[in-house]
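Okay, structure first, notes after.
The values are calculated or read from the model by the stated rules, or taken from the named source; none is laboratory data. Not measured: the values here are computed from a predicted model. Ideal geometry is used to build each Cβ from the backbone, glycine not excepted, and the neighbour counts take in all protein chains shown.
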Amino acid sequence: MAKQPIDIGTSANDGTGDALRVAFDKTNDNFNEIYADDFVTTARIADDAITEAHLDATNAAVDNYVLSYDSASSGFTWVQQYDGDITGIVAGDGLTGDATSGDASLAVGAGTGITVNADDIQIAEGGVDTLQLAADAVDGTKIADDSIDSEHYVDGSIDTAHIADDQITHAKLEGRYTEIQDIATTTGTIALDASSYAAFNLTGALGTATLDIQNLKTGQVIDIILSGSLSSAVITLSASTFTTVAINKVGSTSLDTAATNILQVLCVDDTDADAILTWAVASYASGTSV
């Protein structure tokens, strides 16, 4: 609405000006227009004339709003200072994607071995050299055969792993529980590393030999199969990886040098200075009847 000037006539009380009611009606209209204006988007305000009280209160109570000048309208508007827009982004190593305005997206680059899906992240074999997981971060996770092994995470990076029932198969166990080693050595000290093998097959004709059982853990049992000729065998047991160890025979059966034999060793205690091993030996032959 344009300004409505009040006609006051040409001289005092000449009867040519606006009637009193008309004059105050114009006054009300002018005041209504002033109070309806926010003094920001359309009003022209003299230098140093804007105070906090002059600003529109519509968004004044909302955090992170600022005045923005619009050159097209030569006026000001309230705009939100932080609207989530990304003004610039550069992808780092292994990532692709960029944006200068609006929504931005980042994707895992090709060749990293990592696939990001809606509900999970898949890591291919060899895709991660160091995998660090916080304690309790893995709960019921299924890990494919050989997808994560000892070279793919640093010591201590997984403090507590929670694995759902029935998820560990034989293929996921380390060699100390699954592997067998064939040994052709027949004399001297023969190392049997229980950290890598669960069974040892001595195929040669044994002479005087010391079977040095290494790296056994409490509760672990190893099988030593004496499948070669034993006619000249003189066998002694040792456990050099323990500082002090007691090695005890179970039962009264001794080595039968005229037959093939199986020797079983159980680690009762793997305390370095107070280790205890027990062993038993028995001959065996082909047969199915119990």
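When residue 158 is tested against (1) among the β-branched types (Val, Ile, Thr); (2) at pLDDT 95 or above; (3) over 22 Å from residue 255 (Cβ atoms); (4) surrounded by 13 or more Cβ atoms within 10 Å (Cβ to Cβ), exactly one condition is not met: (2). Within region 251-283, the residues that satisfy the criterion of being in a loop (DSSP other than H, G, I, E, B) and either under 20 Å from residue 192 (Cα atoms) or among the hydroxyl-bearing types (Ser, Thr, Tyr) (or both) are 252, 253, 254, 255, 257, 270, 271. In region 45-67 there is at least one residue that is in a strand (DSSP E or B), among the aromatic types (Phe, Trp, Tyr) and at pLDDT 75 or above.
Look through region 249-290, keep the residues that are in contact (Cβ under 8 Å) with a residue 40 or more places away in the chain and of a type in the set (Asp, Glu), and return whichever of them is surrounded by the most Cβ atoms within 10 Å (Cβ to Cβ). Restricting to residues being in contact (Cβ under 8 Å) with a residue 40 or more places away in the chain and of a type in the set (Asp, Glu), the top hit is 270. With respect to residue 167, is the statement that it is in contact with a Lys or Arg (Cβ under 7 Å, 6 or more places away or on another chain) and farther than 14 Å from residue 266 by Cα true? Spelling it out, residue 167 is indeed in contact with a Lys or Arg (Cβ under 7 Å, 6 or more places away or on another chain) and farther than 14 Å from residue 266 by Cα.
The single condition among (1) part of a loop (DSSP other than H, G, I, E, B); (2) in contact (Cβ under 8 Å) with a residue 40 or more places away in the chain; (3) under 17 Å from residue 270 (Cα atoms) that residue 242 does not satisfy is (2).
Return the residue satisfying two criteria in turn: it lies in region 20-44 and is surrounded by 10 or more Cβ atoms within 10 Å (Cβ to Cβ) and in a loop (DSSP other than H, G, I, E, B), and of such residues it is modelled with the highest pLDDT.
37
With respect to the conditions (1) small (Gly, Ala, Ser); (2) assigned to a strand (DSSP E or B); (3) out of contact with any Gly (no Cβ under 8 Å at 6 or more places or on another chain), residue 209 falls short on a single one, namely (3). Of the residues in region 212-220, not one is among the hydroxyl-bearing types (Ser, Thr, Tyr) and surrounded by 15 or more Cβ atoms within 10 Å (Cβ to Cβ). Does residue 165 satisfy the condition of being in a loop (DSSP other than H, G, I, E, B) and among the charged types (D, E, K, R)? For residue 165, the condition - in a loop (DSSP other than H, G, I, E, B) and among the charged types (D, E, K, R) - is met.
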